[in-house]
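Laboratory data are not the source of any read-out in this text; all were calculated from the coordinates shown. Keep in mind that what you see is a predicted model, and the values were worked out from it rather than measured. Methodologically, a virtual Cβ is constructed for each residue, glycine included, from the backbone with ideal geometry; neighbour enumeration extends over all protein chains shown.
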Amino acid sequence: MDHDSHSARCQDILGRPWPEVHKFMDQYFEVAPGEAHRIVLHHALGVNLCSQALGEASRPAAEPHVMDDMGSIPVGPQEARDMLGTIHPNELNRANVVLKSLGLHQVDGGVADHVWWALRILVER
């Protein structure tokens, strides 16, 4: 979902759009583009970080943000990564750099991602 949609949903359910929450939750989109940015904060640990940064009152807005983007609230970064589709190894590496800077465990993309991208490169040649 885009920020306008997240804000509209929060307005409907919470009576306030909470744009600062959506900005916080998606703040690493430029660093880890596409689905990869969701590995960083779209999970229960990310919701906790949001509530620490913006106050406990932000939690009811952060939780539906994650639910809308992920379908449920993963426990942490690895579970969030496992819920997403194939992610380019470079994007996964960028997400891991951010996770490390936040003191969170880095995630494993698995062999499947590397094999998929290698095959794609071979087919495109």
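Sorting 20-29, 36-45 by their mean Cβ neighbour count within 10 Å, with the most densely packed peptide first, gives 36-45, 20-29.
What angle do you read, to the nearest 10 degrees and between 0 and 90, between the alpha-carbon axis of helix 89-101 and the longest principal axis of the chain? So the helix axis and the longest Cα principal axis differ by about 50 degrees. Our coupling estimate for segment 68-75, obtained by passing each phi through the Karplus curve with A = 6.51, B = -1.76, C = 1.60 and θ = phi - 60°, is 5, 7, 10, x, 7, 9, x, 5 Hz, Gly and Pro reported as x. Once backbone amide H atoms are built at 1.01 Å from N, G76 has A44 as its partners under 5 Å, excluding neighbours fewer than 5 places away on the same chain.
Out of every Cα-Cα pair that the chain contains, those further apart than 18 angstrom amount to 52 percent. Evaluated with a Cβ-only charge set (Lys, Arg +1; Asp, Glu -1), the chain carries a dipole of roughly 240 debye about its Cα centre, given to the nearest 20.
Considering only H42, H6, V123, and ranking their Cα positions along the charge dipole of the chain that arises from unit charges at the beta-carbon of Lys, Arg, Asp and Glu, the one farthest toward the positive end is V123.
Couplings 3J(HN,Hα) for segment 18-29, derived from phi with the Karplus relation 6.51 cos²θ - 1.76 cosθ + 1.60 (θ = phi - 60°), are 6, x, 5, 5, 5, 5, 4, 5, 9, 4, 9, 4 Hz, where x marks Gly and Pro.
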